[in-house]
Structure formats: C-alpha cells, structure tokens
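Participant: Here's a structure for you.
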Amino acid sequence: MSISYVLVLLALGLFGAAVWAMFWAIDDGQYDDIEKHASMPLEENGDIPDFLAKGDGPR
Amino acid sequence: MSAADALHARWSLDAGEHEHVVFLVEGMHCGGCARSIEKAVAALPGVLNVRVNNVTARASVEWAGRGATGLAQILDAVTRAGFKPVPLAGTAASADYQRERRAALKRVGLASLGMMQAMMYLSALYGVTDIDPAMTQLMRIAGMVIVTPVLFYSGAPFLAGAWRDLRNRRLGMDVPVALALLLAWLPSVWNTLRADGEVYFDSVGMFIFFLSAGRFVEMSVRHRSLDSSEALARSLPAQVWRLLADGGRERVTAIALRAGDRFLVPKGSVVAVDAELAQDMPPGTQAALDESLITGESVAVRRGAGERIRGGSVNLGAPLTLRAVTTVEESTLASMVRLLDRAQATRPALARAADKAASWFVGVILVLAVITAVAWWPIDPARAFAAVLAVLVVTCPCALSLATPAALAAATTRLARLGLLVTRADAIERLARADTVIFDKTGTLTGTSSGVTAVKLLGHSTFSQEQALAMAAALERGSAHPLAEAFRPHENASLRADALGEFDGSGVEGHIDGVRWRLGRRAFVEELSAANVVPPGSPGAGAQIHLGNGQGLVAEIEVGVPLRADAAAAIEALRGMGFEVIIASGDSDMAVAGAAGALGISRAYSRLTPDDKIRLVQDLRAAGRRVFVVGDGINDGPVLAAADVSCAMGQGSAIAQSASDLLLVHEGLNVLPRAVGAARRALRVMRQNLGWALAYNVAAVPLAALGFVSPWLAALGMSLSSLGVVLNARRLATPERTP
C-alpha cells in the first residue's frame, strides 16, 4: 500500500519536471520556427565580393 | 528603427489637424472585444473614427489633432478596457507574435500534460467501489494539485476575458466558458477538502486543453493570414551598399537612403526603395527583376538604363547600380503596406452584424443554462450538473464572430498576391455582388503612352511595314512633337535622315539615301507628288499620319494609345462571369468607338465629363445594378467614389492618394476576373461559415440541454466549430483551381 503513495508522489514530481523542461524549451526558442534550422545550410550570406563594390565586375 | 518599422509608420498626418494611427492590440478573442475597444476609444473627446478588427488584431483611430486627445490618451483607453496596445512595426509586431505564440504554446502544453495526468489518477475512481478510501482521497488530491495550476495558468485567458467582459458590462464568449470551468472546479475542490462526493478535475483539464488548443491553432492561422503586409515589410533588406562619390562603398541602413543616393543591389537581393537604373549601363543590357512581391506577376520584367524600379523588386540578374528616387517611407512598397494595414484594421458591416448577434447569443445561453438546471433537478440532480456544464461549453458564439473576418483576412491576402490591394474591408463583399463594370478608357483599357496602332501601306509602296516605320522614326528623330514619341521604338540605327526640317502643324521633312521624304498631314505629304493622289482611307481611332516621297504616299500610320494586351481577354472573362461591360470615357467619339469595336463592347459613352460619369453610375445604381468602376485613379476620383466598388490602376505615388476600394498594382487587367472570382469565393465561404456556425449552435444546444452531450464532448465541439470556420476561411488564401 505504501508504495502506491510513493509512486503517486513520484509521478507528480515527474509531471512537474516535464512541465519545467517544456517551459524551458519554449522560452529557449526551440519551438519558434521548427523549419528554420533545416533550411539554414541553403541560405546565402548577403555579403558582396570586393570586385563588385569596386565596380569592375559584371554589371 | 529598421526599414520594416519605417514601412509601418503612421500613414496619415495632416499637419496636426487630423491624425490617424494603426496599431496592434493584444488579447482580443472575439468581435465583442473589438467593440469594447471601439467604445472605450470613441468616448475620448476629438476621436472621429475608430475601427477595430479582432481577427487581424489591428485598431485604426482617426482623431482631431491639437486637442485634449493624443496618441497617449488613446493607448491608455485601450489599456483601461483590458487590452494591450502594441506598436504596429515590423520588429515590434514580430516580437509580439513570438511572445503570444510562446505563451499560447506553454498554456496548451501544460493543459495537455495536466489533462493526461489528471485522467490517469481520476479514471481509477470511475465505477470502482472497492478502492481504499485513503487511496481515493489521494487520487482526488493529486487531481486537484495538477488541475488547479492548469485552470489558473492555461485557463487564465478565459478567466481574465470573462472578468474583463463583466467589468465592461457585457456578455462576451468567455463568460459562459469561465462559468463552466469554475462551476466544475469549485465543487470538486470542496468535495476534495471534505473527502466526499464527485470531483470533475479531469473534465476541467480536458475543457481547458481543447479550448486552448483551439485558440492556439486559431492564433497560428491568424498570424499567417496577416502576413500580406508583414511579408512586404519583412522583405526589405535591413542594410544596403551605398556608393560614395570617390568610388568607394559603405554599408548603411535602408532607411538612411535619400533621393539621389547611388546604391548597389547584388543578385538575389531586394531593392529597398523606388529607384532608377543607372544611365551608364552598357548599351543593350537590361536588368531582370522579379516584381511578384508588389504586383503578383511571376514573370520577370526587364528594365533598361534610366528606367524606374519599384522598391520590393528582386534583382534576378547581375548586380545593379541604382539611383534612389524615394526614401523607404515614401516608396511604393511603404504605401502598399500602409493601405493593407488600414484595410486590415476595419471590419465590414456583415462582421459587425454577426458580432452583435454573438453578444445576444451569450445572454440567451446563460438563460438556457438556468432553464436546463431547473428542468433537470427534479428528474436527476446528478445529471443536471453535467447538462448545465455542457450547455455552457458547447455553444460557440466565437464561430459566428470569426465567420466573416477570418474569410476576409484570407481573401485580402489572396488578392494581394494577385496584385490587387484591398484598401477597404467592405470591398470584397461588394465586388462579389457587382454585376456591371464600367471602364474608363485612357490609362485603363489603354496604356498611358502613345504608340503606333496600325500601319497601312498605300499605292505603289514596295516597302514593308517595318521599313516604313523605321523611315518615319528616322524623320522624327530630331522632333520634340508629342507624336514623335510613338516612333522611338521603331528607330533603326542603320537608317539616318539628314536635312531635317519641321513644319509647324504639318509634319517633318528630310532626306533618306538621297530621297526627299515627308511625314505628317496628308495634304502636306501629297504636296511632294500632287499627281499621285490616293483615295483617303477610312478614319481610325487615332491620329492619321502619312509618309510619302516624290512618287506618292507610301504609308498611312495610325498613332494612338494602344489597348492593353490583355484587355480583350479580361473583358471576355468578365462577360462570361455575368458582367455587363460599359466604357465611359471623356475621349473623342472616334477613339472610344475604336476601342469599343476592338473589344466587342456595345455600350460605350464618349465625351463624358466627370459629372456625366457620376450620373451614369447613379442611373445604373438606381436601376438596381451593382456598379464596379475601374479607372486610372488619378482623375477618376469622384466617379470611383460614386460606385458600389471601385478599382484604380495604381501607379507610383497614386497608390498613396487613391480613394478607391481596390488598387491594381499589377500592370494588367487580367487580374480583374480572377479577383472577382476570388471575391465570389470569399462571399461563398462567408455564407458557409455563418451557416455552419448557426447550424452547429442550433443543433448542439438542445442536444446538450437534453443531456446527450457530455461536458468533454461539448468542449471538443466548441473548439472544432471555431476551428472549422477558420480553416474553411484559410482555403481562400490558396489559388483557385482552374477549370
């Protein structure tokens, strides 16, 4: 009988831990954009090569 | 301030006499919330007009400047009504969306975990009689410990919304929900504390999970529906490469660009402001640009040296050097963003009527809940409680409230993608109902610049049409006459005329390959060859210009403003949709008859003054027609305003000044039939949504009152009904299927 009390309390503790972990992950931005990280390697950075800025590149 | 922020800046400041602002409001869930804000702000002195849209979360306020009321007082009134005003700016709005999304996700997450845990403990008590009383009590306490934070955290928006509604003395949709939650939770806590009786913690957890999950999906769809102006604003680069006089470059924020600045646009980058292509482009080269963000046109456009490029275009080709013509705030893109902001802040008449019905509905539901309790008590007191909870939860006035604005928000996004900006919320509904379309001619059915519309070779001519045009262009090369512009595209570098002379009111003369040629009035050209008279041709719609030499007339060239390439197809499509098509123009009889003949339009009016046009619109409306007027937006203002719904051809700065309901940013008329199709779909979806919301409530309430719907099923039904309305509306944002 006494083990049931322990298990219920343990389950409550796990519930609390699960809620804490979920809140932490959301606040950390892990759910903000679940597609962004997958597409990041495909994006170019916006810098311009020097030869273009000097005006001697293709126009 | 970023470039995106600048686009959302105030769009009408009339020297302090008349001010106008659009901002976001956080915490709105239904039309009732929107009305509360309208009421609070309208009570301020000097406020002339206030419109709040709960779906787009935007508020638009006009007020008389230099009075007791300023922006601070307006924002304060919104706060006192229980809502949070947020600046309508690119980054601030994005941060706000992110905060709202994270908070909603936490609420749904906690509710889902809590619901499952509570059910795990409390289902052990269902129908079990031989369980130890101490264990039963432990399960009750565990349920209470889990569900109480769920109620006060995940259910906070419902409790706060109900409290706000009651404080504002109105019955919003949160009132019955909060009442049901508290009615289930309070007796459960009481029974837990006295260790006896039924507990409903699992039902409370489930209610909150279904309701908050429904709101979360609704919020996600709403954020996506709003992306038409946000997508425009966010498309701008934060920084640009400005070119210095010494040939160097510096990286500056886009809003630092001023008219006259030269800047570099790399391949694949967005042009930050309206600009001109540098004059020193190599001859024969053209820039390739994707203007789909602004015009919806997916085909790349080509521009040559000195030509204008609209901010928001994407450079598809080699890096470009541009000269800024406007700042970010004055650009075409900024005008478009502000117009979309304005349209999204207003609610159409149909939505306001639905909101009013929804507020009555809540009152009726509370009365029905009391009747249900009184009726069930003598029959079965145990079931009375569940029936009352089900009645309170199952009704969904929010589906009624969302039915119209959700459809309009999605349709506005769809039309913006087609290249048609909706500047007034009622426009879509009125466009869908229109049955007569009146076109202005010049600048609408036709372009704005003149060109050669027909070439007829005459008499002994051995030249081709192209050769005749090239000779005409060579003769006109030095002329400053407006008609000379029509020949510029036909210039041929290998063909040159010398000894050029211009005869006022008659034409031009010159020598090509030693032969004397004339271009101009027939009589003037025939003077060179008086003996070879050719019978006059039939008069056309444009100006007739003749080309000839000593042998006689060679060609008769008609110069006019050519019809737009897609005008005929657009008119045919509109006719196929049941429209009567009319031309109303101030132009000459001949020009209008020519255009009408080419387009197969039998009802065409020429030489109309603006007053005549208004009278025509009024007569048609008096005869029961619903009139859609399409004009150039610059000199058609009064007639556009007189129509049921109007569309202006948006060109540059005209976009900002337009008084029309719709703005055609796309350069082509073929968008119009597609827009009418989209508007009619939107009206159909609005009717479906209203019908569904009404049918759901009419069917669900009696079933719940009779005890056929359990409380958790009621919560699921309520969430699904409003979700169904929003998802149905979302279909409008996707392209229509072509037959």
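Participant: Could you grab me the full set of residues in the range B:101-128 that are within 10 Å of chain A (Cβ to nearest Cβ) and among the charged types (D, E, K, R)?
Facilitator: Within the range B:101-128, B:101, B:102, B:106 meet the criteria.
Participant: Let me ask something else. Specify the residue that is surrounded by the fewest Cβ atoms within 10 Å (Cβ to Cβ); the eligible residues are those in the range B:245-264 that are within 11 Å of another protein chain (Cβ to nearest Cβ) and at pLDDT below 85.
Facilitator: Here the answer is B:247.
Participant: State yes or no: is residue B:165 among the acidic types (Asp, Glu) and either at pLDDT 85 or above or in a loop (DSSP other than H, G, I, E, B) (or both)? Before you say what the answer is, go through the steps one by one.
Facilitator: Numbers: among the acidic types (Asp, Glu): yes; either at pLDDT 85 or above or in a loop (DSSP other than H, G, I, E, B) (or both): no.
No; evaluated as a whole, the condition is false for this residue.
Participant: Next up: Quick one: residue B:95 ticks every box in (1) at pLDDT below 80; (2) surrounded by 15 or more Cβ atoms within 10 Å (Cβ to Cβ) except a single one, so which number is it?
Facilitator: For residue B:95, the failing item is (2).
Participant: Output the number of the condition that residue B:195 fails; it satisfies all remaining conditions of (1) touching a residue at least 12 places away in the same chain (Cβ under 8 Å); (2) part of a helix (DSSP H, G or I); (3) over 35 Å from the mean Cα position of the chain (by Cα).
Facilitator: Condition not satisfied by residue B:195: (2).
Participant: Let me ask something additional. Among the numbered criteria (1) more than 10 Å from chain A (Cβ to nearest Cβ); (2) at pLDDT 85 or above; (3) more than 45 Å from the chain's Cα centre (by Cα); (4) surrounded by fewer than 18 Cβ atoms within 10 Å (Cβ to Cβ), which one does residue B:140 miss?
Facilitator: In the conditions (1) more than 10 Å from chain A (Cβ to nearest Cβ); (2) at pLDDT 85 or above; (3) more than 45 Å from the chain's Cα centre (by Cα); (4) surrounded by fewer than 18 Cβ atoms within 10 Å (Cβ to Cβ), residue B:140 misses (4) alone.
Every residue, every condition in (1) modelled with pLDDT of 75 or more; (2) closer than 17 Å to residue B:560 by Cβ; (3) buried (at least 17 other Cβ atoms within 10 Å of the Cβ), yes or no:
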residue	(1), (2), (3)
B:443	no, yes, yes
B:448	no, yes, no
B:459	no, no, no
B:463	yes, no, no
B:466	yes, no, no
B:476	yes, yes, yes
B:482	no, yes, no
B:485	no, yes, no
B:490	yes, yes, yes
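Participant: Another question, then. Kindly list the number of the only condition in (1) within 11 Å of another protein chain (Cβ to nearest Cβ); (2) closer than 17 Å to residue B:186 by Cα that fails for residue B:134.
Facilitator: (2)
Participant: Given (1) modelled with pLDDT under 65; (2) assigned to a loop (DSSP other than H, G, I, E, B); (3) more than 9 Å from chain B (Cβ to nearest Cβ), identify the lone condition not met by residue A:34.
Facilitator: (1)
Participant: Here is a follow-up. Output the number of residues of the range B:359-379 satisfying the condition of being at pLDDT 85 or above and in contact with a Gly (Cβ under 8 Å, 6 or more places away or on another chain).
Facilitator: Residues in the range B:359-379 being at pLDDT 85 or above and in contact with a Gly (Cβ under 8 Å, 6 or more places away or on another chain): 1 in total.
Participant: Let me ask something else. It is to be established whether one or more residues within the range B:652-662 are modelled with pLDDT under 80 and on the phi > 0 side of the Ramachandran plot. Talk me through it step by step, then tell me what you get.
Facilitator: Here is the first cut: in the range B:652-662, the residues modelled with pLDDT under 80 are B:652-660.
Right, trim to on the phi > 0 side of the Ramachandran plot and you get B:652.
Yes, there is a match, as at least one residue in the range B:652-662 is modelled with pLDDT under 80 and on the phi > 0 side of the Ramachandran plot.
Participant: Moving on to the next point. What number of residues within the range B:118-136 are out of contact with any Gly (no Cβ under 8 Å at 6 or more places or on another chain) and part of a helix (DSSP H, G or I)? Please lay out each step first, then the result.
Facilitator: Here is the first cut: in the range B:118-136, the ones out of contact with any Gly (no Cβ under 8 Å at 6 or more places or on another chain) are B:120, B:123-136.
Subsequent filtering for residues that are part of a helix (DSSP H, G or I) retains B:120, B:123-125, B:133-136.
Residues flagged as out of contact with any Gly (no Cβ under 8 Å at 6 or more places or on another chain) and part of a helix (DSSP H, G or I) within the range B:118-136 amount to 8.
Participant: Considering each residue of the range B:143-167, count those that are crowded, with 23+ Cβ neighbours inside 10 Å and closer than 14 Å to residue B:119 by Cα, and give that number.
Facilitator: Here the count works out to 4.
The values are calculated or read from the model by the stated rules, or taken from the named source; none is laboratory data. Just so it is clear, the structure is predicted and the values come from calculations on it, not from any experiment. Every residue, glycine among them, receives a Cβ derived from its backbone with ideal geometry; neighbour counts consider all protein chains shown.
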